[in-house]
Amino acid sequence: MKSNSMVHSKKTVTAITYIALILGSVVMIFPFVWMILTSSKTISESMQIPPSIFPAQLMLDNFVEAVKSLPFMNLYINTALMILFRVLCAVAFSSMAGYAFAKLKFKGKNLLFTIVLVQMMLPSQIFIIPQYQMVAKLSAADTVFALVFPGLVSAFGTFFLRQAYMGIPNEIGEAAYLDGCNQWQVFTKVMFPLTSSSVAALCVFTAVFAYGDLMWPLVVNSDLKMMTLSSGLATLRGQFSTNFPVLMAGSLLAMLPMVVLYMFFQRQFIEGVAMTGGK
Amino acid sequence: MNSKAIRLKLSPAEKREQNWGWFMVAPTIIGLIILNMWPFIQTLYASFCEHLGFGHYKFIGVENYVNMFQNADFWKATWNTIYFCILTVPVGIFLSLLVAILLNAKIKGKGFFRSVFFLPMICAPAAVTLVWRWIFNSEYGILNQLLGTSINWITDSKVVMITCAIVAIWSAIGYDAVLLLSGLQNISKSYYEAAELDGAGKVTQFFHITLPMVSPTLFVVLIMRLMASLKVYDLIYMMVEDTNPALTSVQSLMYLFYRESFVAGNRGYGSAIVIWTVLLIGIVTLVQFIGQKKWVNYEV
């Protein structure tokens, strides 16, 4: 039997929880709302004191201005291709290697896996100068290939998918093997489909990381037409250092595709990141 | 004896398995050697060289390191990086844990709140930093207007790091909270039921059940957050351009590395900075792994 005061205090705790979460959410959302509101203001409106909260009109002039100064179509395509190829490479190569490291016996396995582990621990910046020099030597600067380059293979993906394959009982593969599948068929037809949730997590992780990455695209592609959304925004910042309505319109354009994807696949995004982070 | 004989001479099936193994790891291993291992060696070597331009280097011994350790900007950048960690990591993890605990309560709309807190994670740092620059703008920014202050959030050398720290915490809170939430959800309800029967209050329950049980996750989050914060670059780069008078008060090691290597073209010196940063990350991580024995509770 619960006393009256206990029920009462429980209600208070729930109320405080809601209030705290709502306040927190306001802090989290406010910058995005402010971005949207500002993107529709004229520059003089944005500088009013006291500030005007809502724009006087709904206008697209700032978006037009942003698109005029930055080739957004190219940025979208470059970013999409970079993400696509990085995700494909990470999934294909890491699945193969992850499977082999988890399930197959071969000479040198431990040594080779040590290579994977060591690369995983090192921060990517330590590779950047030589990687840039390689791209320059291949005369591949200002190409989509250059954007993809450091993501052609993934030490983290290999480690992560190895874990996934370790979690699958050996018997499943052995049964398929005895049924006449060769190693490649066991891998592609039986084992790979069983790792789908881990593969999805790796896709999300790779995509979000590639999308947000700033230093590599800045270093390797200086032609405006070959930039990514992130590095393009860095350029826009220099051009319109005080014209915030245009900057907000540009940021909004850069964020839009990922936010739309996120709205549809929230659970996959969050679980994907939780899985890859909690390794 | 028997097993040794097998190891020396593989059966055809084992041989096939070995070939498949090599074939399947080949793309990754070759890629890692070309893209990471060789570059790592090159960076290490370049840190003892002067860059003559166009990727040509001349060996100069420890000169880069000597110059680096005598350079005030370098020490300032090292301190800035550490200061950034001090400002962001404890507060950030505390707030993340708080959010995770709130999200773990029996409430409606849990999924909605979780998605909201997570939102900054999927937005490019370049994009969100621009709106924060606007919010923090000293003349027309909404924050100064609301507070009725005229703080130079981005150009005052004493304030700018705090500004960056606020944005960093805001950006990472949802990510860390999601990780901690999955740690909290793994705690069996039976512990709390038993504690309740013993008459333990909520606060006692938190310190004697929740905190010890979530400590392994907390440790993972701490390590990840520390590693990421020691490498901080994009947020500060977007917030503070190199013409900003407050640059030296906020420039992190990776920002300095970027400017030295790719703006000034001192790739040898830049390599020395990045090697130093890796050492720093290594030391900090090692200290954490030693320190964890004191507070991280692994179930037996």
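The values are calculated or read from the model by the stated rules, or taken from the named source; none is laboratory data. As the structure is a prediction and not an experimental result, all values here were calculated from the model. Every residue, glycine as well, gets a Cβ built from its backbone with ideal geometry; the counts of neighbours run over all protein chains shown.
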Inset, instruction - Would you mention how many residues in the stretch B:56-72 are in contact (Cβ under 8 Å) with a residue 12 or more places away in the chain and assigned to a loop (DSSP other than H, G, I, E, B)? - result: 3
Legend entry - Selection count where residues are surrounded by 22 or more Cβ atoms within 10 Å (Cβ to Cβ) and more than 10 Å from chain A (Cβ to nearest Cβ), scope the stretch B:240-276: 8
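Going residue by residue through the stretch A:108-122, is there one that turns out to be in contact (Cβ under 8 Å) with a residue 60 or more places away in the chain, within 30 Å of A:Glu174 (Cα to Cα) and either within 12 Å of chain B (Cβ to nearest Cβ) or of a type in the set (A, V, I, L, M) (or both)?
No; the residues of the stretch A:108-122 include none that is in contact (Cβ under 8 Å) with a residue 60 or more places away in the chain, within 30 Å of A:Glu174 (Cα to Cα) and either within 12 Å of chain B (Cβ to nearest Cβ) or of a type in the set (A, V, I, L, M) (or both).
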Legend entry - Residue match in the stretch A:161-170 (condition: surrounded by fewer than 23 Cβ atoms within 10 Å (Cβ to Cβ), aliphatic (A, V, I, L, M) and within 12 Å of another protein chain (Cβ to nearest Cβ)): no
Inset, instruction - Could you grab me the full set of residues in the stretch A:39-56 that are in a helix (DSSP H, G or I) and surrounded by 18 or more Cβ atoms within 10 Å (Cβ to Cβ)? - result: A:Ser39, A:Ser46
Inset, instruction - Sort out which residues of the stretch B:8-35 are of a type outside the set (A, V, I, L, M, F, W, C), at pLDDT below 95 and assigned to a helix (DSSP H, G or I), and write them in order of number. - result: B:Pro12, B:Glu14, B:Lys15, B:Arg16, B:Glu17, B:Gln18, B:Asn19, B:Gly21
Inset, instruction - For B:Ala194, work out the one condition from (1) within 14 Å of another protein chain (Cβ to nearest Cβ); (2) part of a helix (DSSP H, G or I); (3) surrounded by fewer than 19 Cβ atoms within 10 Å (Cβ to Cβ) it doesn't fulfil. - result: (1)
Inset, instruction - Could you identify the single residue in A:Asn62, A:Asn110 that is under 25 Å from A:Arg237 (Cβ atoms) and of a type in the set (S, T, N, Q)? - result: A:Asn62
Inset, instruction - May I ask you to list the residues in the stretch A:16-31 that are aromatic (Phe, Trp, Tyr) and within 7 Å of another protein chain (Cβ to nearest Cβ)? - result: A:Tyr18
Inset, instruction - Select from the stretch A:108-125 the residues that are surrounded by fewer than 21 Cβ atoms within 10 Å (Cβ to Cβ) and under 20 Å from B:Tyr233 (Cβ atoms) and list them in ascending order. - result: A:Met120, A:Met121, A:Leu122, A:Pro123, A:Ser124
Inset, instruction - Kindly establish whether B:Lys294 is in contact with a helix residue (DSSP H, G or I) (Cβ under 9 Å, 6 or more places away or on another chain), of a type in the set (Lys, Arg) and either surrounded by fewer than 14 Cβ atoms within 10 Å (Cβ to Cβ) or under 19 Å from B:Met161 (Cα atoms) (or both). - result: no
Inset, instruction - Kindly establish whether A:Leu214 is hydrophobic (A, V, I, L, M, F, W, C), at the interface with another protein chain (Cβ under 10 Å from one of its Cβ atoms), farther than 16 Å from A:Ile77 by Cα and in contact with an Asp or Glu (Cβ under 6 Å, 6 or more places away or on another chain). - result: yes
Legend entry - Answer residue from the stretch A:135-174, given it is acidic (Asp, Glu) and outside any loop (DSSP other than H, G, I, E, B) and is nearest to A:Gln185 (Cα to Cα) among those: A:Glu174
Legend entry - Residues that are surrounded by fewer than 16 Cβ atoms within 10 Å (Cβ to Cβ) and either modelled with pLDDT of 95 or more or under 28 Å from the mean Cα position of the chain (by Cα) (or both), drawn from the stretch B:45-65: B:Tyr45
Legend entry - Residue identified as under 18 Å from B:Ala127 (Cβ atoms), within 12 Å of chain B (Cβ to nearest Cβ) and small (Gly, Ala, Ser) among A:Gly157, A:Gly250, A:Gly173: A:Gly250
Inset, instruction - Please work out which residue is nearest to B:Phe94 (Cα to Cα), limiting yourself to the stretch B:235-264 and to residues that are part of a loop (DSSP other than H, G, I, E, B) and more than 19 Å from the chain's Cα centre (by Cα). - result: B:Val240
Inset, instruction - Determine if the stretch B:10-18 includes at least one residue that is surrounded by 12 or more Cβ atoms within 10 Å (Cβ to Cβ), within 11 Å of chain A (Cβ to nearest Cβ) and touching a residue at least 12 places away in the same chain (Cβ under 8 Å). - result: no
Inset, instruction - Could you tell me which numbered condition B:Gly111 fails, if it satisfies all but one of (1) farther than 30 Å from A:Ser40 by Cα; (2) without any contact (Cβ under 8 Å) to a residue 60 or more places away in the chain; (3) within 17 Å of the chain's Cα centre (by Cα)? - result: (3)
Inset, instruction - Determine, yes or no, whether B:Thr217 is touching a residue at least 24 places away in the same chain (Cβ under 8 Å), farther than 30 Å from A:Leu218 by Cα, in a helix (DSSP H, G or I) and hydroxyl-bearing (Ser, Thr, Tyr). - result: yes
Inset, instruction - Return a yes/no flag: does the stretch B:223-234 have any residue that is closer than 30 Å to A:Gly238 by Cα, over 15 Å from the mean Cα position of the chain (by Cα) and of a type in the set (Lys, Arg). - result: no
Inset, instruction - Test A:Phe85 against the stated conditions and say whether it is of a type outside the set (S, T, N, Q), within 7 Å of chain B (Cβ to nearest Cβ) and surrounded by 16 or more Cβ atoms within 10 Å (Cβ to Cβ). - result: no
